[in-house]
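See structure below.
Each value in this text was obtained by applying a stated rule to the coordinates, not by laboratory testing. Predicted, not measured: the structure shown is a model, and the values here were computed from it. Note: ideal-geometry Cβ built from the backbone for every residue, glycine included; neighbour counts use all protein chains shown.
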Amino acid sequence: MTEDSRRALSLASLLVLVIAVIALTAWSVSGWVSTQDRIAVAERDAELPPAADPQRYLLTAASRAQARADLQTRLNEMARQNGVTLSRFDTEPANPDDALRMLSEVEVSGSIGEISAFLHAVESTTPALIVTEAGLRPARTEGQLRLTASIEARLSPGAAE
């Protein structure tokens, strides 16, 4: 093989390599663009979630005081159904930064099973209530515990006034 033929073969090999790199790069970019297009189509065609039902998440009442009374009634009923004694129910004043938030503190006493059933009832009820803090300590009665819990609820805009 002569020097000229080796050079020609090297240049041809280099040219094939450059063409292969360009082709692979183009194939990769077109795949990426195609994937982006499929994602955009899927997002556009995706079903929109149904609008949130305010009845599931918001306490509806004519005023904050009525919402507080309704919440107290609901918690009393949950306590009665689950065998705990509700001994205290306090609600913080409205926060001007978040007037739709209502934070209440409750104190109940009962056995560990009754208290866990009460907490389950609180968190699984609608409109939604959230236990944000909870503390247990022994009660004066043997085998009984005392639960102090902060419960957060959201008010409908009409009840915030």
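Structure above, values below:
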read-out: Charge-dipole axis of the range 10-161 as Lys and Arg at +1 and Asp and Glu at -1 on Cβ define it, positive-most pick from LEU155, VAL122, ALA62; value: VAL122
read-out: The range 120-161 residues near the modelled GLU92 label - backbone nitrogen below 14 Å, point 7 Å along Cα→Cβ; value: 130-134, 149-155
read-out: Cα centroid separation - the range 1-23 against the range 89-161, whole Å; value: 78 Å
read-out: Reported label for calculated log10 I(q)/I(0) by the Debye sum over Cα atoms at q = 0.09, 0.15, 0.16, 0.17 Å⁻¹ given [x] -0.51, -0.86, -0.91, -0.98; [y] -0.31, -0.85, -0.96, -1.08; [z] -0.38, -0.86, -0.93, -1.00; value: [x]
read-out: Selected from ASN82, VAL18, LEU100, residue furthest toward positive end of dipole (the chain; charges at beta carbon); value: ASN82
read-out: Rough spin-label spacing in nm, given labels placed 7 Å along Cα→Cβ, for ILE19 and THR141; value: 9.1 nm
read-out: Net dipole in debye of the chain [+1 Lys, Arg Cβ; -1 Asp, Glu Cβ; about Cα centre; nearest 20]; value: 200 debye
